[in-house]
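Below: one structure, written as structure tokens.
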Amino acid sequence: MNIGIIGLGSIGQMLVKAFCKSAAVPPEKLLVFNRTREKAERLQAENNIAIAETAQEVCDQCGVVFVCTKPLDILPLLRELSVSAQTHVVSVAAGVSLADLEGVHTGAVSKVIPTVTSQELRGVSLYACSQRLSDEQREQFLGLLSSISLAQEVSEQEIETATILTSSAPGLIAGILESFAQAAVRKTPELQIDLARQMLVETMLGTAMLLQKEQLGFDQLIERVATKGGITEEGLRVLDKTLPAGFDELFAMTESKHDLLKQLVQKQNTVE
């Protein structure tokens, strides 16, 4: 069965590269469409995938279609297309609920929040499925996600908060590490910024591997590093004064943004 991808922004391109890298989808079974054909042609040159002339062609030829357009474009696009009830439509957009998708497609629908790190076959793909999925469709969908990431099913009530921990986290972690590196250079100008960044990247990779391979909790790793009365313990006290409030503000901002997006999506439904 062919797998279709409509929209080749950062997420659509990542899915193409990840599916090809993992060999989960043979390139000849991957059919893509993008309004700007040049993006599709670049991916075709790299991965030998097939390019559709229209989004309708993707829907006609594929059993699973990932819609990777902007959130406010998804419902209008699906209303324009004729999609078989046998086709499994998957949205990657925040703010568009399963109920919204079921309102424009009579078949199985799911939503997935991928992460850019899946290009390296790592990270977490959050997903939620409608009850319309058959056991076979669910198994196939889970197989696709599991080939490029850890597939984690969550409720729609959980998905917005969990998105910050998975999809948004690479950018947030990069921002935190950049601030860390810049602070080190301000303290010691002789230390080159590129070297500081390299040190943090290697340390982050090693920390992740240690946590995973030894199945450590964060608190257990802290106990290993933070000796009583030592620098790390004092450093953690400093961070504890500012980080919790900062993260609380981050989640509050996220909730506000999601609420606004959902209101705009619902307004589309009202207009229709």
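The values are calculated or read from the model by the stated rules, or taken from the named source; none is laboratory data. Please read these numbers as outputs of a predicted model, since none were measured by experiment. Counting neighbours? That spans all protein chains shown, and the Cβs are built from the backbone with ideal geometry, glycine included. The accessibility values were calculated without ligands, DNA or RNA, using every heavy atom of the protein model including side chains. Shrake-Rupley method; radii C 1.70, N 1.55, O 1.52, S 1.80 Å.
Within the stretch 81-97, how many residues turn out to be more than 14 Å from L261 (Cβ to Cβ), touching a residue at least 24 places away in the same chain (Cβ under 8 Å) and not small (G, A, S)?
6
Kindly indicate which of L221, L172 is assigned to a helix (DSSP H, G or I) and open to solvent by 60 Å² or more (accessible area, probe 1.4 Å).
L172
What are the pairs with Cβ atoms under 6 angstrom where one residue, in the stretch 101-126, is open to solvent by less than 50 Å² (accessible area, probe 1.4 Å) and the other, located anywhere, is basic (K, R)? Sequence gap at least six, or different chains.
Hits for this filter: V104/R79; A108/R132.
Can we say Q152 is part of a helix (DSSP H, G or I) and either open to solvent by 40 Å² or more (accessible area, probe 1.4 Å) or of a type in the set (S, T, Y) (or both)?
No, not satisfied.
From the list V32, V16, V25, which residue is modelled with pLDDT under 95 and either assigned to a helix (DSSP H, G or I) or of a type in the set (V, I, T) (or both)?
Of V32, V16, V25, the one residue that is modelled with pLDDT under 95 and either assigned to a helix (DSSP H, G or I) or of a type in the set (V, I, T) (or both) is V25.
Restricting attention to the stretch 35-63, and to residues there that are in a loop (DSSP other than H, G, I, E, B) and of a type outside the set (A, V, I, L, M, F, W, C), which single residue is least open to solvent (accessible area, probe 1.4 Å)?
G63
Out of the residues in the stretch 17-46 meeting the condition of being touching a strand residue (DSSP E or B) at 6+ places or on another chain (Cβ under 6 Å) and of a type in the set (A, V, I, L, M), tell me which one is farthest from L72 (Cα to Cα).
Per the stated criteria, the residue is V25.
Within the stretch 155-169, take every residue that is in contact with a strand residue (DSSP E or B) (Cβ under 7 Å, 6 or more places away or on another chain) and loosely packed, with under 14 Cβ neighbours inside 10 Å and give me the one that is modelled with the highest pLDDT. I'd like the intermediate steps shown before the answer.
Taking the stretch 155-169 and keeping what is in contact with a strand residue (DSSP E or B) (Cβ under 7 Å, 6 or more places away or on another chain), we get 155-156, 159, 162-163, 166-167.
Cutting the leftovers down to loosely packed, with under 14 Cβ neighbours inside 10 Å gives us 155-156.
Values: S155: 94, E156: 91.
Among those that are in contact with a strand residue (DSSP E or B) (Cβ under 7 Å, 6 or more places away or on another chain) and loosely packed, with under 14 Cβ neighbours inside 10 Å, it is S155.
Collect the residues in the stretch 236-262 that are loosely packed, with under 13 Cβ neighbours inside 10 Å and more than 22 Å from the chain's Cα centre (by Cα), keeping them in residue-number order.
Across the stretch 236-262, the qualifying residues are R237, V238, L239, D240, K241, T242, L243, P244, A245, G246.
Are any residues in the stretch 205-218 open to solvent by 80 Å² or more (accessible area, probe 1.4 Å) and under 20 Å from I176 (Cα atoms), and if so, which ones?
L205, M209, F218, listed by residue number.
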